Amino acid sequence: MVKEMNSLFLSFVPGDSLLHRLDPRTKLVALMVASIYILNLSSLAHILFFTFLFMFLATMCKIPFMHFIRSVRPMLLFFVLIFLLQLLFTDGTHTFRIKWLTVSYEGLILGTLLVSRFVFLLLFAALLTATTSPSMITTGLERLLRPLPLRYLGVSSHDIAMMMSFSIYFVPLMYDNFKDLKDAQLSRGLNVKKNPFKTILAFSVPLINNSIRSVEDVSLAMESRCYRGTGRTSVHIMAFKGMDLIVLSSLAISSFFYLIK
Amino acid sequence: MIQLNNVSYCYNENDYALDSVSLEIKKGEFIGIAGRNGSGKSTLIRLINGLLLPLQGNVNVMGMDTMDNDSIIGIRKIAGMVFQDPQSQFIGMTVGEDVAFGPENLGLSHEDICGRVDTSLKAVGMYIYKDHTPRALSGGQKQKVALASILAMEPELILFDEATSMLDPVASEEVLKLIKQLHNKGVTIVYVTHRLEELIFADRLIIMDKGRIIHDDNPRKLLNEENILDSGIYLPPIIELSRRLCSEQVIEPIRLPISREELMEALCQLM
Amino acid sequence: MSINVKDLSFCYNRGTSLQRDALVNVSFSIDKGEFVLIGGEVGCGKTTLLRHMNGLLRPHSGSVTVDGLDAGNKKIRSKVGLLLQHPQKQLFAKTVYEDIAFAPSNIGFKDNELKDHVRYAMDLTGIDGSISSVSPFSLSGGEMRLVALAGVMAMKPEYLLLDEPTSGLDPENRSMMLKTLKELQASGVTIIIVSHQISEMISFAEKIMMLNSGSIDFIGTPKEYIFSTSSSLQLPDITSLMKDLKTAGMDVSEDVFSVDDALLQIKKALLNVDGKRNE
């Protein structure tokens, strides 16, 4: 069966653009820095700046805009909700009425800022995932985490990277499993609207059960292939190139000015 | 090469999955293990590569004890394992990454890993799928990749836990053919199955029941035993037919035909 | 009373670059009470076809009707039971009884009627009453599959669709499953099985259909199947042996599936040879 999931939410789009070729560590650091800026986003000028930045990067990696819109779409309802909450429950000096509703300009601006923070976070994350294969992300993350004294927490950087790649890997598997379950329970006459409580049970119990079983199976397979969480090498080579250095140093410079401002 | 001395194991208290089993496996052997569900055959091979540890007795793999924490990685390097479910043993996002997982754990260099990935994928005829996602492969293809990822660790022994039971007949046959090729190259094979017809060419056939080894002999000799059915084992129809033709003296009972070709030959001689 | 499939076509990801035909102009009918096998390689469209017969998928062209009703009609869900592959993965209730009662209670049966349905399903599938209050997850693989089957039979369906009902089971449980299905048929249920491993089920079937890349490659009786030149011919070992013996000149018939029959045939043929030799 062809998997429709492939073209969905935060997926990788192979290519050969500058963004594709950057070291995953560079992109991860850049995303982290960008997230800090985005979370501090406080004016319409900022929004404009990030819109242009995003457009520029997205054009550069030659991926259709539709792909990024898909990454935001699943959260749309949530965005509308927080926007409305801000709009309706922010007291302000300048108010105006739309039919029976009283809203404030402050609310309008606060709502817009809040929603655009979430939207930009998602868009930039999508930029990373679209231009970096999942395994490169996890390998890059593992390398970034390696200097941290994680062993005092009882885990290794490899453990964290493995956990991450599993969560990426399990989503499509769970989705397949969910589709089969849906067919099976519908065939047993399940009426979703009439009996929501039973519906939740009929899906969640088997989904959790099957997931636990596949996790057990996978961990056996990992163990028997000598996994111990340390001393691993990687099939992927990580090497900073000229471009990575340029990107990283410009990030450093911009952060410097951002901080002393 | 491998010695099990009076090994016992139980999952629940007082319910022995393996009851004082002793076994020796020699280098280069092809050993088939059959038995009904719950007879302890999967438990037995999981004890060999240290996925389970014996409650009593000891398991020795080329001089290393599985109870010894420092040698466990060495043991698993020698004894690879292919599991039943083709889907749930995938670790990588692409076929190539999955095969690389074992060598990565061994701490090999980038060049060595790439070399081993390519060689083992070519050995099972799956090289062209190197950059594919495992989800899109058929069951047979998945099992071939699983075999390649074990081969990439260059083991001396491979344990197969019902590796073909979820495949269709054509795919099982292809996987089995690959396994026979490996055996011819000197890899020791321990093959667990409930399809006896897959084991007729094995050097030794072991039949298990209730956590014990109740038969351990050459397949042809064993399949001719009167009491073989006592173990609850299910005989393939062709072997059942051969046995009945022998017991009714239709064909000479000296050499039991154990495959369709052999039975065909024996019957043609009578015409 | 029958399932009628007429000019059925279906493709996945319609209208996208991933579009792929799964079924192309498939037409056939299944009479009530039949035991039907649908075979073919992985990806030939057999599972897609199965999902059309109880309305989980809707045809892009053509029609599927069950007893004259369109398969999209919700009423046919309880008339046509479907057991998917690895059905043990759909179990969820605390006890075996509750899991089997899930389907009939969804349809709206209560109290004694509900009990009746569950009892009917347990009797038919041979599930021992003593396990009705244990957790389905504590059972063995073979037993779990029977519970899942009972969970579908509790709707008292007239048609039962099964996807790979024997896959992954050991020989003992496989023959138990097939025996149960044959008993279901004897009680009047139409059995339709989809499998890539049909050889061991041929002797049970009345109609065999082979699919190849979304089209029907062969349709006929088991006897016709044995003699057919279908590219995907899969025969039981015993039948292949009898065919080979016949080709080699032995006087045996080819449509033999059991060891007993094969033994009889071979002995008879060899007696005749001896007889001729003595003359």
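If you check B:Ala123, B:Ala100 for being within 23 Å of the chain's Cα centre (by Cα) and crowded, with 24+ Cβ neighbours inside 10 Å, only one passes: B:Ala100. Within the range C:109-125, none of the residues are touching a residue at least 24 places away in the same chain (Cβ under 8 Å), facing chain A (nearest Cβ under 10 Å), closer than 15 Å to C:Ala148 by Cβ and open to solvent by less than 60 Å² (accessible area, probe 1.4 Å). So for the range B:52-75 (the condition being in contact (Cβ under 8 Å) with a residue 40 or more places away in the chain, buried (at least 22 other Cβ atoms within 10 Å of the Cβ) and of a type outside the set (A, V, I, L, M)), does at least one residue qualify? Within the range B:52-75, not a single residue is in contact (Cβ under 8 Å) with a residue 40 or more places away in the chain, buried (at least 22 other Cβ atoms within 10 Å of the Cβ) and of a type outside the set (A, V, I, L, M).
Scanning the range C:51-85 for residues that are within 10 Å of another protein chain (Cβ to nearest Cβ) and within 27 Å of C:Pro222 (Cβ to Cβ) gives C:Arg51, C:Asn54, C:Val80, C:Gly81, C:Leu82, C:Leu83, C:Leu84, C:Gln85.
Scanning the range A:142-168 for residues that are in contact (Cβ under 8 Å) with a residue 12 or more places away in the chain, within 14 Å of chain B (Cβ to nearest Cβ) and either within 15 Å of B:Phe90 (Cβ to Cβ) or in a helix (DSSP H, G or I) (or both) turns up A:Glu142, A:Arg143, A:Ser157, A:His158, A:Asp159, A:Ala161, A:Met162, A:Met164, A:Ser165, A:Phe166, A:Ile168. Only one of the numbered conditions (1) more than 29 Å from C:Arg174 (Cα to Cα); (2) open to solvent by 40 Å² or more (accessible area, probe 1.4 Å) is not met by B:Val7, and that is (2).
Pairs meeting the criteria (first residue in the range C:63-90 and closer than 16 Å to C:Ser2 by Cα, second residue assigned to a loop (DSSP other than H, G, I, E, B) and open to solvent by 50 Å² or more (accessible area, probe 1.4 Å), beta carbons under 7 Å, at least 6 apart or on different chains) are C:Asp67/C:Met1; C:Gly72/C:Arg58; C:Lys79/C:Glu158. Annotation for the range A:47-65: at least one member residue is farther than 17 Å from A:Ala126 by Cα, surrounded by 14 or more Cβ atoms within 10 Å (Cβ to Cβ) and either under 20 Å from the mean Cα position of the chain (by Cα) or aliphatic (A, V, I, L, M) (or both). The set of residues in the range B:73-91 being farther than 17 Å from B:Ile158 by Cα and either more than 7 Å from every other protein chain (Cβ to nearest Cβ) or at pLDDT 90 or above (or both) consists of B:Gln87, B:Phe90. Scanning the range C:177-202 for residues that are open to solvent by 10 Å² or more (accessible area, probe 1.4 Å) and within 11 Å of another protein chain (Cβ to nearest Cβ) yields C:His196, C:Gln197, C:Ser199, C:Glu200.
Residues are listed down the side, and each one gets a yes or a no for (1) part of a helix (DSSP H, G or I); (2) open to solvent by 10 Å² or more (accessible area, probe 1.4 Å):
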position: B:Gly115; (1), (2): yes, yes
position: B:Arg135; (1), (2): yes, yes
position: B:Val145; (1), (2): yes, no
position: B:Ala148; (1), (2): yes, no
position: B:Glu154; (1), (2): no, yes
position: B:Ala163; (1), (2): no, no
position: B:Met166; (1), (2): no, yes
position: B:Val170; (1), (2): yes, yes
position: B:Glu173; (1), (2): yes, yes
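Looking for something assigned by TED's automatic domain parsing to the domain that holds B:Gly125 and open to solvent by less than 10 Å² (accessible area, probe 1.4 Å) - is there at least one such residue anywhere in the range B:181-189? Yes; the residues of the range B:181-189 include at least one that is assigned by TED's automatic domain parsing to the domain that holds B:Gly125 and open to solvent by less than 10 Å² (accessible area, probe 1.4 Å). Any idea which residue in the range C:144-172 is most open to solvent (accessible area, probe 1.4 Å), counting only those that are modelled with pLDDT under 90 and in a helix (DSSP H, G or I)? Per the stated criteria, the residue is C:Glu172. In the range C:126-137, of all residues being in a helix (DSSP H, G or I) and away from chain A (no Cβ under 14 Å), the one that is surrounded by the fewest Cβ atoms within 10 Å (Cβ to Cβ) corresponds to C:Ser130. Scanning the range C:1-43 for residues that are in contact with a Gly (Cβ under 6 Å, 6 or more places away or on another chain) and open to solvent by less than 40 Å² (accessible area, probe 1.4 Å), we see that the one that is modelled with the lowest pLDDT is C:Ala22.
Among the residues of the range A:159-190, write down those that are touching a helix residue (DSSP H, G or I) at 6+ places or on another chain (Cβ under 6 Å), buried (at least 16 other Cβ atoms within 10 Å of the Cβ) and not hydrophobic (A, V, I, L, M, F, W, C). Result: A:Ser165, A:Pro172, A:Asn177, A:Gln185, A:Arg188, A:Gly189. Could you tell me whether the range A:208-226 includes any residue that is away from chain B (no Cβ under 14 Å), surrounded by 14 or more Cβ atoms within 10 Å (Cβ to Cβ) and modelled with pLDDT of 85 or more? Within the range A:208-226, not a single residue is away from chain B (no Cβ under 14 Å), surrounded by 14 or more Cβ atoms within 10 Å (Cβ to Cβ) and modelled with pLDDT of 85 or more. Only a single item in (1) over 30 Å from C:Val42 (Cα atoms); (2) in a strand (DSSP E or B) is not met by C:Asp274, and it is number (2). Inside the range C:187-234, residues that are more than 19 Å from C:Glu164 (Cβ to Cβ), at pLDDT below 90 and in a loop (DSSP other than H, G, I, E, B) make up a count of 6.
Quick one: count up the residues across the range A:1-35 that are among the β-branched types (Val, Ile, Thr) and modelled with pLDDT under 90.
Residues that pass the stated criteria total 2.
Just for the range A:66-97: of the residues that are touching a residue at least 60 places away in the same chain (Cβ under 8 Å) and surrounded by 16 or more Cβ atoms within 10 Å (Cβ to Cβ), which one is nearest to A:Pro14 (Cα to Cα)? Within the range A:66-97, the match that is nearest to A:Pro14 (Cα to Cα) is A:His67.
The values are calculated or read from the model by the stated rules, or taken from the named source; none is laboratory data. Just so it is clear, the model here is predicted, and its values are computed rather than measured. Cβ coordinates were reconstructed from backbone atoms using ideal geometry, including for glycine residues, and neighbour counts include every protein chain displayed. The area values use the complete protein model at the heavy-atom level, side chains included, leaving out ligands, DNA and RNA. Shrake-Rupley method; radii C 1.70, N 1.55, O 1.52, S 1.80 Å.
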